[in-house]
Every structure is written in C-alpha cells, then in structure tokens.
C-alpha cells in the first residue's frame, strides 16, 4: 500500500497539470537549465509546458534574470515558444539614477572613436537605448549592461548599426581627418565632443562645441567635402 501511494504521488507530481500546462519532462528540463545559470535569481520559479509552449512564472529582483530565463528556455530542444510571465520586483529607483548608472557603464565600452553614438532614456524604469554605432559589439554591450541595473523593468534596444559600405567608411575618415586638423580641441581625450554619423553619404553631426560660430563653421566645412550629400548639424553650442 505504501509503495502504491508513493508511485501515485510521484506520477501526480511529474505530470502535474495547471491551467497553463503541465510540469512534465520538458518543463523540468527547462527549469533545470534556468537554475544552472548562477546569475539568474528568481523567487518561486514555476515552469509549465503546454504542447511545447513554455510558461515561466516567478518574481525576479533584476530584469536581467527575467530576460535570461526566457532566452535559456527558448533554446531548449522541444520548446516552440516561451510565455515569460516572470514579474520584476518593484523598487524605488529614480529614472535619472538609472540613466546615470547606465551611461557610466556604457562609457566603459566606448573605444574613443568619433563614429559611435549611444543615447539612453528611462521612463518609469523602462529603458530605451538608441543611437548609431560602427562598433557592432556596442549594441549588445549596452543591452547587457542595462538589464542588470536595479530598478530597470524593461529594455527596448533601438541602437542601429552604421553603414559599412566602403564609400561611407571613406567619407567618415575624410570628415574626421579634416575636422581633427582644424578643430583638434574637440577630439582630445578618451571621448570626443563631436560624433560623426554617415549613412549613404548623408552626414549627421552630434555633440557639443564651444560657440555658435564653431557650430556653423564645422557644418560648412563638412558640407564642402566631396561625397557629402547633406549635413544634419545637431551640434549644440555651450
């Protein structure tokens, strides 16, 4: 009788069914994979399977745990889709503090060239990353930094990769050489004051300069270069 009772209980546990599926072999496999990752901390993690659709529930302190759990689940063989319903615990963190922390972390990944622009905006804990980067690793690096900051509830990565055409690359370098020769003060230090973006011959200048005179002169200088189709001068005079 005791043995029969144990077998029945084990069967119920293994095939436990909820409104969102069963805690079956695939669900257990997904759960095991998630728990093996030491970065993921989820309170009350619950995994169920409904015909290949995996449902994740629980409470995470950091958005990174929620995101990574979903990514791991999606890669498990047999999983057709993931419904990530893991909640991120609400904490009182000012949006400006999140922006400041994230900006400092992203700066560490910038390599000091004048061709990468990353912007950060935070609203009620939801982060939007935007910009244009020639260095393709920056897009992923910025996202990975954002998801592990306390107070972040979601991340929308809108950073785009810059054109890698030979023509645009030659134009970037030509603009940089000209501006660095005439306005070297804006390219001193680890992070330049002017960022040069080129897409199909169309140039965008972003950054800060010392005066409205410099702003106008720099724009005119870039317009005069061969191959430049247009210039969007977004430089701000301090």
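Annotations for the structure displayed:
- Helix-only CD estimate at 222 nm, as mean residue ellipticity for the chain, using -39500 (n - 2.57) per DSSP H run (n ≥ 4): -12000 deg cm²/dmol
- Kirkwood Rh and Cα Rg combined as Rg/Rh, the chain: 1.19
- Footprinting exposure proxy for 177, 172 (fewest neighbouring C-beta atoms within 10 Å first): 177, 172
- Contact order relative to length of the chain, as percent, for alpha carbon pairs under 8 angstrom and 6 or more apart: 13 percent
- Whole-number D in µm²/s for the stretch 90-154 (Stokes-Einstein; Kirkwood sum over Cα pairs; 20 °C, 1.002 mPa s): 179 µm²/s
- Cα-projected label distance for residue 41 with residue 91, points at 7 Å along beta-carbon direction, nm: 0.8 nm
- Space enclosed by the convex hull of the alpha-carbon atoms of the stretch 168-207, per residue, Å³: 62 Å³
- Normalised by residue count, the stretch 156-238 yields a Cα convex hull volume of 109 Å³ per residue.
- Summary value for the stretch 166-237: 31 percent relative contact order, contacts being C-alpha pairs under 8 angstrom separated by 6+ residues.
- In terms of other Cβ atoms within 10 Å, 155, 228, 213 run from fewest to most in the order 213, 228, 155.
- Helix 137-147 vs. the chain, principal-axis angle (Cα, 0 to 90°, nearest 10): 50 degrees
- Segment residue 178..residue 80, full-extension length gain: 30.0 nm, with 0.36 nm per residue of separation and the alpha-carbon distance subtracted.
- Tail beyond 23 Å, pair distance distribution of the stretch 79-219 (Cα, percent): 45 percent
- Sequence-separation-based contact order of the stretch 98-157, relative, with Cα cut under 8 Å and 6+ spacing, percent: 37 percent
- Three-way shape call for the stretch 46-132 based on the alpha-carbon gyration tensor, with the a/c threshold at 1.5: oblate
- Semi-axis lengths, Å, the stretch 140-198, gyration tensor of Cα atoms, sqrt of 5 times eigenvalues: 31, 17, 7
- Using alpha-carbon coordinates, inclination of helix 63-74 to the longest axis of the chain, degrees: 70 degrees
- Helix 25-36 vs. the chain, principal-axis angle (Cα, 0 to 90°, nearest 10): 50 degrees
- Ranked 36, 182, criterion: other C-beta atoms within 10 Å, fewest first: 36, 182
Values quoted throughout were computed directly from the atomic coordinates according to the rules given, and no laboratory measurement underlies them. Remember, it's a predicted structure, so these values are computed and weren't measured experimentally. Using ideal geometry, Cβ is built from the backbone for each residue, glycine included, and neighbour counts are taken over all protein chains shown.
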